[in-house]
1. Quick one: putting +1 on the C-beta of Lys and Arg, -1 on the C-beta of Asp and Glu, what dipole do you get for the chain around its Cα centre, in Debye to the nearest 20?
2. Peptides 27-36, 68-77, 128-137: what's the order by average Cβ count within 10 Å, highest mean first?
3. Could you run the Karplus curve 6.51 cos²θ - 1.76 cosθ + 1.60 with θ = phi - 60° over region 71-79 and give me ³J(HN,Hα) per residue in whole Hz, x for Gly and Pro?
4. With label points built 7 Å along Cα→Cβ from the Cα atoms of residue 120 and residue 147, find their separation and express it in nm.
5. Cα gyration tensor of the chain, axes a ≥ b ≥ c as square roots of the eigenvalues: rounded (a/c below 1.5), prolate (a/b > b/c) or oblate?
6. For the chain, with every protein chain kept in place, what is the accessible area per residue (1.4 Å probe, Å²)?
7. Measure off, as a whole percent, the carbon and sulfur share of the 1.4 Å-probe accessible area of the chain, all protein chains present.
8. What pairs in 98/162; 68/155; 43/162 have C-alpha atoms more than 23 Å from each other?
Amino acid sequence: MAKKPAAKKASRKPAKSKNPLVGIVMGSQSDWETMHHAADTLKKLGIAHEVAVHSAHRTPDRLVDWIKDVEGRGAKVFIAGAGMAAALPGCVAAMTAKPVFGCPMETRVMGGMDSLLSMVQMPGGIPVGVLAVGRAGAVNAALLSAAVLALGDEKIAKAVDKFRANQTKAVPLTPN
Ligand code: RP5
């Protein structure tokens with residue numbers, strides 16, 4: 001009988017980017033299905049970023065270490081995706097004064113309402129900018145990060161303008 005190929009193990013070695021401007025973190029591998037849209041959008045805009053999985057509940061120490069490390073390497077904005085209790089963006093915001101955008105994951109039991117309400121109810125003083133549940137929120141978190149960076153970076157500003165112009169051009173006048 002043919003041997004089954006061994007299941008791919010989750011990477012234990014973090015893939016460090018050289019000079020990431022945006023740090024994308026998610027609470028679980030299961031969030032990547034949605035969060036890759038944030039990374040894809042930053043890639044389209046040519047913005048250096050780093051992607052990591054660190055959970056506020058399951059790997060809190062690792063999360064703290066990563067935030068300090070990636071900020072030290074130049075990250076100016078953070079995007080955090082999480083579902084259910086969704087504490088991750090709030091935890092990131094507690095540890096950095098940089099802008100933090102939260103992406104609520106769609107969930108099986110409550111459709112993402114749990115993630116959204118949990119994420120948006122930050123105590124005054126520690127802000128998290130929360131986007132829409134699911135894919136649209138992940139894309140918009142990247143675009144909002146780009147808009148923040150564009151304030152001080154002409155190249156990124158041009159890339160954002162180009163993205164918006166192409167998006168406008170792609171909207172048909174009539175349905176197919
Ligand atoms: C959260 O719990 C994660 O962000 C994820 O959305 C959710 C479920 O995690 P898994 O059980 O799929 O790993 O912390």
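The values are calculated or read from the model by the stated rules, or taken from the named source; none is laboratory data. The shown structure was predicted, so the numbers you read here are calculated from the model rather than taken from an experiment. All Cβ positions, glycine included, derive from the backbone under ideal geometry; neighbour counts span all protein chains shown. For the accessible areas, the whole protein counts, side chains as well, though only heavy atoms, and no ligand, DNA or RNA atoms are used. Shrake-Rupley method; radii C 1.70, N 1.55, O 1.52, S 1.80 Å.
1. Numbers: 23 positive and 13 negative charges, 160 e Å.
Dipole of the chain, to the nearest 20 debye: 760 debye.
2. On the way: 27-36: 18.7, 68-77: 17.1, 128-137: 20.5.
Put in order of decreasing packing, that is 128-137, 27-36, 68-77.
3. Calculated HN-Hα couplings, in order: 5, x, 8, x, 4, 10, 9, 10, 10 Hz.
4. Modelled inter-label distance: 1.7 nm.
5. On the way: a/c = 1.32, a/b = 1.18, b/c = 1.12.
Verdict is rounded for the chain.
6. Details: 10980 Å² over 176 residues.
Per-residue value: 62 Å².
7. About 58 percent, which is the carbon plus sulfur part of the accessible surface.
8. Numbers: 98/162 26 Å; 68/155 27 Å; 43/162 14 Å.
The pairs that break the limit, which is 23 Å between Cα atoms, are 98/162; 68/155.
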